[in-house]
Amino acid sequence: MIATSTKFTCHPLGWPNNGYPGAQGPYYCSVGANTTFGRCVADVHYKACLYAGITISGTNAEVMPGQWEYQVGPCVGVAVGDELLMSRYLLSRVAEDYGVTVSYAPKLFPDWNGSGCHTNYSTDKMRDGSGGMEYILDMMKRLAKNHKLHCEAYGDDN
């Protein structure tokens with residue numbers, strides 16, 4: 001989330017001063033000044049990551065005005081944590097130059113789609129053309145057994 005900031009308040013980019021913007025939908029992967037807010041920050045951040053050697057592989061506008069996503073990776077092992085941490089530092093630093101602040105809160109408004117850090121991963125077996133999908137479905141069934149526990153461990157604000 002990229003938001004304008006003053007000394008005492010934060011207000012999401014692209015939101016009216018009072019109330020909500022238009023319905024969710026036209027902002028996701030959007031283009032145009034009427035639906036896309038904060039692209040300059042997202043683009044400069046992407047370039048800063050490339051310059052710093054961070055393995056950044058994409059960026060896109062998200063469902064909520066002022067909400068952006070970027071992808072770090074593919075990385076091997078614990079390198080992804082280092083690269084994510086540095087990418088977040090660079091994002092805050094770039095946003096500072098534009099007079100905006102960054103929120104990593106997973107859900108700012110209860111009735112709007114949230115955001116948050118998620119991890120995509122795959123193994124050779126998952127990508128294997130023979131039996132890969134069956135393997136994925138089996139893994140999902142196994143993970144589902146502890147879904148509630150996993151959500152509780154993730155935290156109340158997520």
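Given the DSSP H assignment, sum -39500 (n - 2.57) over each helix run of at least 4 residues in the chain and divide by its residue total; what's the result at 222 nm in deg cm²/dmol, nearest 500?
On the way: 5 runs with 58 residues, N = 158.
Value at 222 nm, helices only: -11500 deg cm²/dmol.
In segment 48-146, which GluC sites (Glu not before Pro) are in a loop and have at most 13 other Cβ atoms within 10 Å, using DSSP for the loop call? Display every interim value, and only then the final one.
On the way: sites: Glu62, Glu69, Glu83, Glu96, Glu134; in loops: Glu62.
Those that pass, being in a loop and sparsely packed, number zero.
Using a Gaussian network model of the chain with C-alpha springs under 10 Å, which one of Val44, Val63, Val76 is most mobile by mean-square fluctuation?
Residue with maximal mean-square fluctuation among Val44, Val63, Val76: Val76.
Would you mind calculating the gained length between Glu152 and Arg39 on full extension (0.36 nm times residue separation, minus the Cα-Cα distance), in nm to one decimal? Don't skip to the end; give the middle numbers.
Values: separation 113, 0.36 × 113 = 40.68 nm, distance 3.39 nm.
Extra length from Glu152 to Arg39 when fully extended: 37.3 nm.
Based on the Cβ-Cβ distance of Asn120 and Ala79, what FRET efficiency does E = 1/(1 + (r/R0)^6) give at R0 = 22 Å, to the nearest 0.05?
Numbers: r = 15 Å, r/R0 = 0.69.
Efficiency, from the Cβ-Cβ distance: 0.90.
Near Lys107, which lysines are there with a Cα under 29 Å away, not counting those fewer than 8 places off in the same chain?
List returned: Lys7, Lys47, Lys141, Lys145, Lys148.
Tell me which chymotrypsin sites (Phe, Trp or Tyr not before Pro) from segment 95-158 have a DSSP coil assignment and no more than 12 other beta carbons within 10 Å of their own. It would help to have the intermediate numbers written out before the result.
Details: sites: Tyr98, Tyr104, Trp112, Tyr121, Tyr135, Tyr154; in loops: Tyr98, Tyr104, Trp112, Tyr121.
Those that pass, being in a loop and sparsely packed, are Tyr104, Tyr121.
Specify the longest stretch of the chain that does not include any exposed loop site, a site being one of the trypsin sites (Lys or Arg not before Pro) with a non-H, G, I, E, B DSSP assignment and at most 15 other Cβ atoms within 10 Å.
Maximal segment without exposed cleavage sites: 8-106.
Can you tell me the FRET efficiency between Lys107 and Met140 if r is taken as the Cβ-Cβ distance and R0 is 25 Å, rounded to the nearest 0.05?
Details: r = 24 Å, r/R0 = 0.94.
With R0 = 25 Å, the Cβ-Cβ based efficiency is 0.60.
Among Leu90, Leu137, Leu108, which comes first, then next, by fewest other beta-carbon atoms within 10 Å?
Working: Leu90 20, Leu137 10, Leu108 16.
In order of increasing Cβ crowding within 10 Å: Leu137, Leu108, Leu90.
Where is the GNM fluctuation largest for the chain (alpha-carbon springs, 10 angstrom cutoff): Gly22, Gly66, Gly77?
Gly77
Restricting to bridges with both residues inside the chain, how much of the DSSP beta-bridge set is antiparallel, in percent to the nearest 5? Show your work: numbers first, answer last.
Numbers: 11 of 11 bridges.
Of the beta bridges lying entirely in the chain, close to 100 percent run antiparallel.
Short version: ³J(HN,Hα) in whole Hz for each residue of segment 25-30, in order, from phi by Karplus 6.51 cos²θ - 1.76 cosθ + 1.60 (θ = phi - 60°), x for Gly and Pro, what are they?
x, x, 8, 5, 6, 7
Note down the magnitude of the dipole of the chain about its Cα centre, charges +1 on Lys and Arg C-beta and -1 on Asp and Glu C-beta and zero elsewhere, to the nearest 20 debye. It would help to have the intermediate numbers written out before the result.
Details: 12 positive and 15 negative charges, 14 e Å.
Dipole about the Cα centre, nearest 20: 60 debye.
What number, in nm² with one decimal, is the all-direction average of the projected area of the convex hull of the alpha-carbon atoms of segment 2-118?
On the way: hull surface 30.2 nm².
Spelled out: convex hull of the Cα atoms, projected over all directions, averaged, 7.6 nm².
Among Gly73, Gly19, Gly32, determine the one that fluctuates most according to a GNM of the chain built with springs between C-alpha atoms less than 10 Å apart.
The residue with the greatest mean-square fluctuation here is Gly19.
Pulled fully out, how much extra length does the chain show between Asn18 and Tyr89, if you take 0.36 nm times their separation in residues and subtract their Cα-Cα distance? Let's see the in-between values first.
Numbers: separation 71, 0.36 × 71 = 25.56 nm, distance 3.06 nm.
Extra length available between Asn18 and Tyr89 comes to 22.5 nm.
Since every read-out is calculated from the coordinates, none of them should be taken as a lab result. Note that the structure is a prediction, hence the values are computed from the model and not measured. FYI the Cβ positions are ideal-geometry reconstructions off the backbone, even for glycines, and counts take in every protein chain you see.
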